[in-house]
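A.B. asks: Have a look at this one before I ask anything.
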Amino acid sequence: MTRKQKRLSIIGGAMGFLAAATALTFYALGQQTSYFYMPSDALAAQLAPGERIRLGGLVEKGSIVRGQGTEVRFAVTDHEKSITVNYSGILPDLFREEQGVVTHGMFQPDGSFVADSVLAKHDETYMPKEVAESLKEKGLWQEETAQQ
Amino acid sequence: MSVELGHFALVLAFALALVQSVVPLYGARKGSLRLMGVGEPAALCGLVLISIAFAALIAAYVQSDFSVANVWENSHSAKPLIYKLTGVWGNHEGSMLLWVLILAIFGGLVALFGRNLPPTLRANVLAVQGFIAAAFLLFILSTSNPFVRLVPAPIEGRDLNPILQDIGLAVHPPLLYLGYVGFSISFSFAVAALIEGRTDAAWARWVRPWTLAAWMFLTGGIAMGSYWAYYELGWGGFWFWDPVENASFLPWLTGTALLHSAIVMERRSALKIWTVLLAILTFSMSLLGTFLVRSGVLTSVHAFATDPTRGVFILTILILFIGGSLALFAWRASALAPGGLFHPISREGALVLNNLFLTTAAATVLVGTLYPLVLESITGEKISVGAPFFNLTFGPLMVPLLAVVPFGPLLAWKRGDLAGVAQRLFAAFGGALFIVLLVYFFIDGASALAALGTGLAFWLIFGALTDLALKSGVGNVGPGVALRRFAGLPRSVFGTALAHAGLGITLLGIVATTTMQSEHILTVKPGETVEIAGYSLRYEGLQPFTGPNYTENRGRFVLTERGRALGDVVSSKRFYSVRQMPTTEAGIRTIGLSQLYVSLGDEIEDGGIVVHIWWKPLVTLIWLGALAMMAGGAVSLLDRRLRIGAPSRRKRAAQAQPEPAE
């Protein structure tokens, strides 16, 4: 094989890889991304049941209700609308009323929201970034909500 | 006083780094040995000065000098000494100081052990190192100064984030930085090669061991970070495809590619241009990682504080270095003479294939990591790209790569015999196939995917063993001769086998844990028993306990296996009073290679408590495999061939420095 042929075959191979990777990436991005919504946006967006989203906001005061065993129900609010979230499992250490949370899950056909994971902030100076920014956009940001 | 001394030393180090970056470079252009000679003393003095600064900060932490803002924000007088020490880099400013300290150490090592390098190459390498040091020192001095004083001095500090109060902090960041920053050496050599327009034998012989050392540390750092997250966060996961994790994984992927292409360059002097490009890309990924983690564009436990000026500053450094080096590459790469020819079916060809897979995989991880950031800054849409994305893109790229790994070391240089190699791997393939059938038919609940994954893992392990066996002549010569040949094999052969087998071991752990783990989330009351994977855990209730700077409720579980007592598993809910922050300390019991993992949740009214219990089969293999990879790197580093220049005693000592992980 001459140098030129070798180079062409390597470039061809690399292009093949790149094409495969690009195709895979686009396919996966189409399938596997989940959008972030605050409650009022989520309700306005008329999401189809079964579409995975991340729902973020503040845990509404007085809304945490423990059910049977590990089941727990709480409302996520952006002070305009609120959505009740059903979750079964261990809540994060820093899960508290009036604190920012991001939940991953989907709306059920009956309109309820079931989360399979709940994330709260990591430490006392940190609030989930998306929640903080969305609250600021809505003009609902209060420093003490973030600081405590 | 020592704090001001540290600050002053840091300023001096910055000035010196500027000298180091300009004078040797100019000297190399003018051919002046005297000017070029400025590099070494400058690098060594820089190392001393930055060490002084670092020691000053350590002293401030040990003495709990709360007049220093950084100490006040991140320490507390009641904090155990070990966390006062490790807390030095448990914050933004301190960790950047650790970053430049490690950079200075690497620069110092080049100055000390680079005497037999061609003088112009040495001068150029040290100059590039000087540029990097100057940029980051300026960053620290102007936006992240750890020596800022508070007036009046507070009486008590605000304590370190409890999640970081763990022995993991002592190991994970230094190892990770040794890896990240270690790649700066490969980068500096690559840029120096482009400046000179040539690469010679000394170049490749140097780049290979330094890349290997950095790769080894990075492997250890990532594995340690993964284990730390696993036991500390209480979620039982070992990898989350979190952007911060990806930031450390990207240089590992390109670094692994670099490691392999450097072999081709050293042995066959082919792939020169590609190796230089990979060296640049790998350190660019390190810089990108530093940017993602330190700029505050991502929120995570790693982003200690967010300050937009820092982000802009690091972004500038990033663009300057990546853009500058790539522009230099575009301009000068054609000056590098192409090297030896090879047939596609050959060791070189296999290593090229490895590089294609690894760089493509790195590209998909990069897209998955940056796409949400870019999309948000352009359209404002907030999306998240999580584990499913990476499983779908990274997975399909890794599986074929892993499948061809055993072929690589068995192929001959220049022109290989694929059919012959396949024939020699027949036993390994048969063994792996046997494992697939064994798992599929005899282990309850094993899916086809689990069986194939396990088979692939054993294929890697058997392939590595086959390589060793064939190279020592098993089957062709008598056992005595084979044993002697085995003992006489070059250490790099052992290193390769160990690292490839380590990959298989890690894969085995990942497959077993993800496909075969069982978990229960339930509420228990004292006296109740939970059954999992043949073990019984009886909950004995909560007991209060007071630690040095926290209080905790310890949940005790009595573990039995078919009536045989195996002791207690203790999991606790801690509360750190200074930061008013609760944490969960998982209870982990290692049984063989598997682990039982107990995480406590909230207490409920009737005396019960929510618990999450996992049985994680073979989970420890994930990290043991990484240790095997590190050990492979260490063994390879000890290879005679990689010792720089003449194998004199002094040089040998220098190369032997990175000890095996175990």
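All of the numbers you see were taken from the coordinates with simple rules; none came from a lab. In this text, all values refer to a predicted model and were calculated from it rather than measured experimentally. When we count neighbours, we look across all protein chains shown, and the Cβ atoms used for this are built from the backbone with ideal geometry, even at glycine.
A.B. asks: Hey, rough spin-label estimate for B:Phe8 and A:Ile64, points 7 angstrom out along Cα→Cβ, what's it come to in nanometres?
C.D. replies: Output for this residue pair reads 5.3 nm.
A.B. asks: Decide, for chain B, between rounded, prolate and oblate: order the square roots of the alpha carbon gyration tensor eigenvalues as a ≥ b ≥ c, take rounded if a/c falls under 1.5, and otherwise choose prolate if a/b is larger than b/c, else oblate.
C.D. replies: The shape class here is oblate.
A.B. asks: In whole angstrom, how far apart do the alpha carbon centroids of segment B:165-217 and segment A:60-78 sit?
C.D. replies: Going from one Cα centre to the other spans 50 Å.
A.B. asks: I'm a student and want to see the number: the projected area of the Cα convex hull of the protein assembly as shown, averaged over all directions, in nm².
C.D. replies: 37.0
A.B. asks: How big is the C-alpha Rg of segment B:1-118 next to the rule-of-thumb value 2.2 N^0.38 Å, as a ratio?
C.D. replies: 1.27
A.B. asks: What Kirkwood radius, in Å to one decimal, follows from the Cα pairs of segment B:337-463?
C.D. replies: For segment B:337-463, the Kirkwood estimate is 17.3 Å.
A.B. asks: Can I ask one more? By counting other Cβ atoms within 10 Å of each Cβ, how are B:Arg149, B:Arg554 ranked from fewest to most?
C.D. replies: With the sparsest Cβ surroundings first, the list reads B:Arg149, B:Arg554.
A.B. asks: Run the Debye formula on the Cα coordinates of segment B:97-195, all scatterers equal and no solvent, and tell me log10 I(q)/I(0) at q = 0.12, 0.14, 0.16 1/Å.
C.D. replies: Once normalised to I(0) and log-transformed, intensities are -0.55, -0.68, -0.81.
A.B. asks: Which ordering of B:Val207, B:Val570 is given by a fewest-first count of other beta-carbon atoms within 10 Å?
C.D. replies: Ascending number of Cβ neighbours within 10 Å: B:Val570, B:Val207.
A.B. asks: Okay, next question. Listing B:Trp615, B:Trp413 from the residue with the fewest other Cβ atoms within 10 Å to the one with the most, what is the order?
C.D. replies: B:Trp413, B:Trp615
A.B. asks: In vacuum, with every alpha carbon of segment B:118-170 counted as one equal point scatterer, what does the Debye formula give for log10 I(q)/I(0) at q = 0.16, 0.20, 0.27 Å⁻¹? Two decimals, please.
C.D. replies: -0.79, -0.90, -0.98
A.B. asks: Moving on. P(r) of segment B:416-457 in 10 Å steps, Cα pairs, percent per bin?
C.D. replies: Over segment B:416-457, the share of Cα pairs per 10 Å bin runs 31, 39, 22, 7, 0 percent.
A.B. asks: If I model a spin label at B:Glu519 and B:Arg484 as a point 7 Å from the Cα along the Cα→Cβ vector, what separation in nanometres do I get?
C.D. replies: Roughly 5.7 nm, to one decimal.
A.B. asks: For segment A:1-86, max minus min Cα coordinate along each principal axis, in Å, sorted largest first?
C.D. replies: Sorted from largest, the Cα extents of segment A:1-86 read 76, 32, 21 Å.
A.B. asks: Going Cα to Cα from A:Lys6, which aspartates and glutamates come in below 17 Å? Please leave out same-chain ones fewer than 8 positions away.
C.D. replies: Cα-Cα hits under 17 Å: B:Glu348.
A.B. asks: Compute the whole-percent fraction of alpha carbon pairs in segment B:1-68 spaced more than 14 Å apart.
C.D. replies: Cα-Cα pairs in segment B:1-68 separated by more than 14 Å: 61 percent.
A.B. asks: Grab every C-alpha pair in segment B:538-589, bin the distances at 10 angstrom width from 0 up to the longest one, and report whole percents.
C.D. replies: 25, 44, 22, 7, 1
A.B. asks: Cross-link list B:Lys382/B:Lys616; B:Lys573/B:Lys616; A:Lys4/B:Lys30; A:Lys4/B:Lys272; A:Lys81/B:Lys382: which exceed 26 angstrom alpha carbon to alpha carbon?
C.D. replies: As for pairs spanning more than 26 Å Cα to Cα, those are B:Lys382/B:Lys616; A:Lys4/B:Lys30.
A.B. asks: So if each residue of separation counts as 0.36 nm, and I subtract the Cα-Cα distance between B:Val48 and B:Tyr371, what length gain in nm does that give?
C.D. replies: That pair, B:Val48 and B:Tyr371, stretches by 112.1 nm at full extension.
A.B. asks: So if each residue of separation counts as 0.36 nm, and I subtract the Cα-Cα distance between A:Glu80 and A:Thr22, what length gain in nm does that give?
C.D. replies: Between A:Glu80 and A:Thr22, full extension yields an extra 16.8 nm.
A.B. asks: Quick one: compute the contact order of chain B, relative version, from alpha carbon pairs under 8 angstrom and 6+ residues apart, as a percent.
C.D. replies: 11
A.B. asks: Would you compute, from DSSP H runs of 4+ residues alone, the mean residue ellipticity of the protein assembly as shown at 222 nm, taking -39500 (n - 2.57) per run and dividing by the full residue count, rounded to the nearest 500?
C.D. replies: Value at 222 nm, helices only, nearest 500: -19000 deg cm²/dmol.
A.B. asks: Compute the convex hull volume of the Cα atoms of segment B:164-315, divide it by the residue count, and report the result per residue in Å³ as a whole number.
C.D. replies: It comes to 103 Å³ per residue, whole-number rounded.
A.B. asks: Once fully extended, how much extra length lies between B:Ile604 and B:Gln63, figured as 0.36 nm per residue of separation less the alpha-carbon to alpha-carbon distance?
C.D. replies: 190.5 nm
A.B. asks: Continuing with the same structure: Inverting the mean 1/r over all pairs of different Cα atoms, compute the Kirkwood radius of segment B:519-616 and quote it in Å.
C.D. replies: So the Kirkwood estimate lands at 13.8 Å.
A.B. asks: If you count, for every residue in A:22-32, the Cβ atoms of partner chains within 10 Å of its Cβ, what is the mean?
C.D. replies: Per residue, the average neighbour count from other chains is 6.
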